[in-house]
Amino acid sequence: DEFVESVAEATGYLRGHGRTIAITAGIVVAVLIAVFGYRLYAERQSIRAETTLGKAMQTFHARLRQPAEPAAEPDEITFASDSIKYQSALKEFGDLVQKYPRTRAARVARYYSALSQIQLGQAEAASRTLEELAASDDREISSLAKFQMAQLYQRSGKWSDSEKLLRQIIQSPTFSVSKAAAEMTLADQLRQKNPAEAIKLYEQVRNQFPTSPLADTAKERLDELKQ
C-alpha cells in the first residue's frame, strides 16, 4: 500500500545517501553542542561578573571611618578617605572589565569607573569613558552616561553641550534617567540665563509627575523664580 511504498522509498534513499546524512547529522549535532556550550559558558561568566560587580559596588558605596572610630565589623567595608575608597573601587571595576569584557556587568562597571574617576578629579578620563558609553546600544547605560556627561559639561561651563544632551534624554527617557530628572536638571541650568524656559520646565515636572518627589522641588523652584 501507499505507506509501505513510502517506507521502502525512504529506506532506499537512506541506503544510497547514508554517509552524506550521517556527516550532515554529525555537523548539526556538533553545532548544537557548541551553541549550548557557549550559552552555558556565557551564563556562568555573566553570573560571576554580576557577583564581582556587587563586591565592587560595595566598595564604591562604602562609608568613611571617623578618625577615632573603632575597627569596623569583619563583614563591613570602610575606608579612611574618599581618595582611597574611589581608587580601590576604580581598580575593582577595571579588573572586572578586563576579566568579563563581554558581559553587561562590564558596561555597568565602566560607568562606575567613570564615576570613580570624577570623584578622584580625573574629569578628562571620565569624559572619554562616558562618551564611549553614550554611544552604546544599551539604552539604559547610554542614558546614564549622557546624564553624567551633561553634568560634567555644566561644571566646565559648556552649557550648550549640556543642554543638548539633556534635551536628548527628555525626548527619549529611560528607566535609569527619567524625563522628570532631565527636565529638572535642565531647568536648574537655565534659571539664570533663561528663566522663562526654566519656569516652563518646572511646571511640566509638577504637572506631568505630580506624585514624584521632584514635583515638590519643582514647586519650590517655581516659587523662587516668581518672587
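If I stretch the segment between residue 66 and residue 192 completely, what's the gain in nm (0.36 nm per residue apart, minus their alpha carbon distance), one decimal?
Numbers: separation 126, 0.36 × 126 = 45.36 nm, distance 3.90 nm.
Length gained, residue 66 through residue 192: 41.5 nm.
Straight-line reach from residue 226: which lysines have a Cα under 21 Å away, not including same-chain ones fewer than 8 places off?
In chain and number order, the partners are 193, 200.
In whole angstrom, note down how far apart the Cα centers of region 100-121 and region 151-200 are.
Using only Cα atoms to place each centre, the spacing works out to 23 Å.
What number comes out for the charge environment of residue 162, summing +1 per Lys or Arg and -1 per Asp or Glu over other residues with Cβ under 15 Å away?
On the way: positive: 146, 155, 158, 164, 167, 191, 193; negative: 131, 161, 163, 183, 188, 197.
Combined, the nearby Lys, Arg, Asp and Glu give +1.
Counting Lys and Arg as +1 and Asp and Glu as -1, what is the net charge of the other residues whose Cβ lies under 10 Å from the Cβ of residue 209?
Working: positive: 179, 206; negative: 183.
Once all neighbours under 10 Å are counted, the net charge is +1.
With every protein chain present, what is the per residue accessible area of region 87-226 (1.4 Å probe, Å²)?
Numbers: 7470 Å² over 140 residues.
Value returned for region 87-226: 53 Å² of accessible area per residue.
Report the net charge of residues surrounding residue 96, where surrounding means a beta-carbon distance below 11 angstrom and charges are Lys +1, Arg +1, Asp -1, Glu -1. Walk me through the intermediate numbers first.
Working: positive: 48, 55, 91, 99, 107, 110; negative: 50, 92, 95.
So the environment of residue 96 carries a net charge of +3.
The values are calculated or read from the model by the stated rules, or taken from the named source; none is laboratory data. This one's a predicted model, so the numbers in the text were calculated from it and none came from an experiment. Cβ atoms come from the backbone with ideal geometry, glycine included; neighbour counts cover every protein chain shown. When the accessible area is computed, the model is the full protein with side chains, heavy atoms only, and any ligands, DNA or RNA have been set aside. Shrake-Rupley method; radii C 1.70, N 1.55, O 1.52, S 1.80 Å.
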